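**Q** A single structure is presented below for examination.
The values are calculated or read from the model by the stated rules, or taken from the named source; none is laboratory data. Computed from a predicted model, the values in this text were never measured in an experiment. Here the Cβ positions follow ideal geometry from the backbone for every residue, glycine too, while neighbour counts run over all protein chains shown. Surface areas here come from the heavy atoms of the whole protein model, side chains and all, with no ligands, DNA or RNA. Shrake-Rupley method; radii C 1.70, N 1.55, O 1.52, S 1.80 Å.
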Amino acid sequence: MFLTPDNKKTFRAIILLNEMINGTHQFQTIANGDDSVLEPLFIELMSKGYVQTSGMNYQVTAKGQEVFDTFMKRYTEYLKVYDIFSYVDLESGEFAFARYFDFTTDEAWADFTNNERFDDLRIAVAIFKKIDPAEIVFMSFINENRFDTATTGWQMDLVSDNDWNEIEDICKTAIKPEEVGEDAMVDMIGQGSELMIKLLEEEQQQNQNNPGNTNGGDVVEEETVEYYQPYYDPYYVSPIWLLPLFLW
């Protein structure tokens, strides 16, 4: 099993914290309507100190904010480090993201990446680096806005097993490191990391060419590139992935 009961609680809690921190929904302590199905999770979050009551509503605590910030740092790394392995041609060694800046529309990029010659190796890379593959799939769902809290009935979708069963199935059926081979994995991750740095440098260059950018922004971009350089080592994992999120 890739997706544990604690995984489910963690991922559901992340969605709730995100809505409480960045959304507009107010979750009342006496839940009613669609929110009522979330009450057991809120009770557990409150018992662990991640949320508290404020008047008639739940409020994120400093401890809850810290957990969410840690997750968002990991999510940012996912987008930079792991998403690049979502379209890889294992036969030719081509990464679709090598041509990312060649496309000016999402539709053109989608047409290019939908080619069946590309395999999704994000889970293989996660397992190789000893990172929870279920969290990687969960992040991909977030990136695809699969947990849209603006839709009616999202609360029931969150507590049902549909999305979580799909995450488990994706983890089970995904290409694994042993199918690729260790030497090929090391080579592939090395190539992907080099490409990632090149893309970051290209992004930095484009930002510098943007008249609206400031020198301070350039410094941030340079620091970002430097931050990701340890990933030249195929075995490297940032320490933020080793921190537990919630302690259930």
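**Q** For the stretch 84-107, indicate whether the set of residues that are assigned to a loop (DSSP other than H, G, I, E, B), in contact (Cβ under 8 Å) with a residue 40 or more places away in the chain and open to solvent by 70 Å² or more (accessible area, probe 1.4 Å) is non-empty. It would help to see each step written out before you state the result.
**A** Of the residues in the stretch 84-107, the ones assigned to a loop (DSSP other than H, G, I, E, B) are 87, 90-93, 103-105.
Then keep just the ones that are in contact (Cβ under 8 Å) with a residue 40 or more places away in the chain; that gives 90, 93.
Then keep just the ones that are open to solvent by 70 Å² or more (accessible area, probe 1.4 Å); that gives 90.
Yes: the stretch 84-107 contains one or more residues that are assigned to a loop (DSSP other than H, G, I, E, B), in contact (Cβ under 8 Å) with a residue 40 or more places away in the chain and open to solvent by 70 Å² or more (accessible area, probe 1.4 Å).
**Q** Inspect all residues belonging to the stretch 46-63 and state whether any of them is open to solvent by less than 40 Å² (accessible area, probe 1.4 Å) and in a helix (DSSP H, G or I).
**A** no
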